[in-house]
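Derivation of every value follows stated rules applied to the coordinates shown; laboratory data play no part. Remember, it's a predicted structure, so these values are computed and weren't measured experimentally. Neighbour counts run over all protein chains shown; Cβ positions are idealised from the backbone, glycine included.
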């Protein structure tokens, strides 16, 4: 099996992981693809449809990665807002010493 066929199989695994709602699992497979592509030669004309299919699946993967990054950013922003709100509730006015009347 050519490296491109193997990468297509991995891309299909990634697509299935995305369908199951597991973007982290799909992202985790990128290292396997990198290893295969590092030693791959230029695709032959017969492999062009395989490469096109990989690219189509990669567009879906990149969209899922982008969406996940936005979710993470929004979660972080919400955490910061919550932390500021808690900090605001935690602040108290400094106590002023009570005045004591002197008996003259």
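Observations on the model:
- A crude spin-label estimate for the pair residue 20 and residue 62, with each label 7 Å from Cα along the Cβ direction, gives 2.6 nm.
- Length gained when the stretch residue 13-residue 52 is fully extended (0.36 nm per residue, less Cα-Cα span): 12.4 nm
- In plain terms, the chain from residue 2 to residue 29 could stretch by 7.9 nm, reckoned as 0.36 nm per residue minus the Cα-Cα distance.
- Once the C-beta distance of residue 40 and residue 83 is scaled by a Förster radius of 41 Å, the resulting FRET efficiency is 0.30 to the nearest 0.05.
- With neighbour counts taken as other beta-carbon atoms within 10 Å, the residues 42, 51 rank, fewest first, as 42, 51.
- From largest to smallest, the equivalent ellipsoid semi-axes obtained for the range 1-87 from the alpha-carbon gyration tensor read 36, 12, 10 Å.
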